[in-house]
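A.B. asks: Below is the structure I would like to discuss, written out as structure tokens.
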């Protein structure tokens, strides 16, 4: 079953077309990525789906409900984390989460707030005013506010921008756990490493869909340069970005025929910094 | 109704946390009343400044309550918290009701402190009944100003959009409502504009209250109109507060 159904959704801001007859279906319980540069229409689409934007034409259904006509029913079942933190700076992290939790009549709220603060590693700063927080910490509080009422669909507009690599990884582990429980995650990002963690990805540009596929299939569209140097002789070949293509290419140079796939993973600068931090933390604890 | 109280409580907690805003809201009017005293001290003795004191005191509360409330709500819009509240299940009516209730306390403190300072500073010798009635009218006007601020904020996308409303609403309040001169001598169209502004009715009531022969029946209509403004602005703000872009 589809959690979200979008049919020919169109929105103009003056002469600028933010969404151009966009149609797509989002299956329930998936992590669905919306990828594209700034101004691609990611935020506009999310706003239309949460019912804070009136489209010019077309329609959308979220959990089989109209985001505008059935707003009260729908708003109990969705979580929304906007691009900006959208928090009360003069309130503490705890009071911000409590406020949005009360709005959704969350049972056993105090306990849930404690749990979610612990997940976001904010317990020590729970009672400090949000204005004293860094950008990444504010994002964490904002994420807690979106998750506090156990929504069926969560709309996340660039949720991990300005968040440190460790918490970013933790957030994606949580998103995966939620998806396994049947929660649909609709997430916009312009970070390609995050797109790879989605079940399905839609690439947007200027309000139009350029591609809809799994990240693995989209990756196949890419090319990899293989440079092999033997006896000072350099040979460069361009192959598909798949482990199978790399194995086939290396077979020309004597790779055993029974090896069908070769995958390389080099640590990114983020991975390296994360492992240094973790090593240091381990050292401090022992 | 529950949501209204949740928002009101949040507004109060927020006000408690924002000490600069709180100080500005309470100390600001007191400083301006002192400046008013300095100005009135320069007037020749034949001008009865005491009859101007209370109307101007009411005007100071009106202006500051309006501007501070409008700017705070516009900030909610800019920060995205207004949108988030609406998507988070809060209705427009509960947002407006919550804000009004939240500022209710602040408006009460403003009315009490400003009235007390004016009576002390200008050595006004009113009896208890007059002081209570003056408090009621200034307090009612403060509530109207909060509602006006909420209503005007629905037309503003950022703080700067609030400022054009100062010459549009606040300045005509000074010239056309009887604050400085009786509006009877003004052209009819100017009198009509003056009568559209809520402070006109507050000034009318104040002028009557400070007369020794005053009875409450003299100003029932003005009280009614001032209260009517609260409900009218509540309905208007509910209609104009946008849920969608």
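A.B. asks: Provide a single number: the residues in the stretch B:123-135 that are surrounded by 16 or more Cβ atoms within 10 Å (Cβ to Cβ) and either assigned to a helix (DSSP H, G or I) or at pLDDT 90 or above (or both).
C.D. replies: So the answer is 4.
A.B. asks: Assess whether residue A:94 counts as being at the interface with chain B (Cβ under 9 Å from one of its Cβ atoms) and more than 15 Å from residue B:245 (Cβ to Cβ).
C.D. replies: Criteria not met by residue A:94.
A.B. asks: Select from the stretch B:1-21 the residues that are in a helix (DSSP H, G or I), loosely packed, with under 15 Cβ neighbours inside 10 Å and in contact with a helix residue (DSSP H, G or I) (Cβ under 9 Å, 6 or more places away or on another chain) and list them in ascending order.
C.D. replies: Of everything in the stretch B:1-21, those that are in a helix (DSSP H, G or I), loosely packed, with under 15 Cβ neighbours inside 10 Å and in contact with a helix residue (DSSP H, G or I) (Cβ under 9 Å, 6 or more places away or on another chain) turn out to be B:2, B:16.
A.B. asks: Kindly establish whether residue B:213 is over 30 Å from residue B:95 (Cβ atoms) and more than 18 Å from the chain's Cα centre (by Cα).
C.D. replies: When the stated conditions are applied, residue B:213 passes them.
A.B. asks: Let me ask something else. Only residues that are outside any helix (DSSP H, G or I) and under 14 Å from residue B:62 (Cα atoms): list them for the stretch B:150-179, please.
C.D. replies: Once the filter is applied, which keeps residues that are outside any helix (DSSP H, G or I) and under 14 Å from residue B:62 (Cα atoms), the stretch B:150-179 yields B:177, B:179.
A.B. asks: Moving on. Residues in the stretch B:53-79 that are surrounded by fewer than 18 Cβ atoms within 10 Å (Cβ to Cβ) and without any contact (Cβ under 8 Å) to a residue 60 or more places away in the chain: how many?
C.D. replies: Of the residues in the stretch B:53-79, 1 are surrounded by fewer than 18 Cβ atoms within 10 Å (Cβ to Cβ) and without any contact (Cβ under 8 Å) to a residue 60 or more places away in the chain.
A.B. asks: Restricting attention to the stretch A:38-75, report how many residues are within 8 Å of another protein chain (Cβ to nearest Cβ), surrounded by fewer than 15 Cβ atoms within 10 Å (Cβ to Cβ) and either in contact (Cβ under 8 Å) with a residue 60 or more places away in the chain or closer than 30 Å to residue A:133 by Cβ (or both).
C.D. replies: 0
A.B. asks: Which is at pLDDT below 95, more than 19 Å from residue A:185 (Cα to Cα) and either outside the structural domain of residue A:155 (by TED's automatic domain parsing) or not in a strand (DSSP E or B) (or both), of A:38, A:20?
C.D. replies: None of the other options fit; the residue is A:38.
Each row is one residue, and each column tells you yes or no for (1) part of a helix (DSSP H, G or I); (2) within 17 Å of residue B:4 (Cβ to Cβ); (3) away from every other protein chain (no Cβ under 14 Å).
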{"residue": "B:70", "(1), (2), (3)": "yes, no, yes"}
{"residue": "B:75", "(1), (2), (3)": "yes, no, no"}
{"residue": "B:83", "(1), (2), (3)": "yes, no, no"}
{"residue": "B:90", "(1), (2), (3)": "no, yes, no"}
{"residue": "B:93", "(1), (2), (3)": "yes, yes, no"}
{"residue": "B:107", "(1), (2), (3)": "yes, yes, yes"}
{"residue": "B:111", "(1), (2), (3)": "yes, no, yes"}
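The values are calculated or read from the model by the stated rules, or taken from the named source; none is laboratory data. Note that the structure is a prediction, hence the values are computed from the model and not measured. Glycine also receives a Cβ, built like all others from the backbone with ideal geometry; neighbour counts cover every protein chain displayed.
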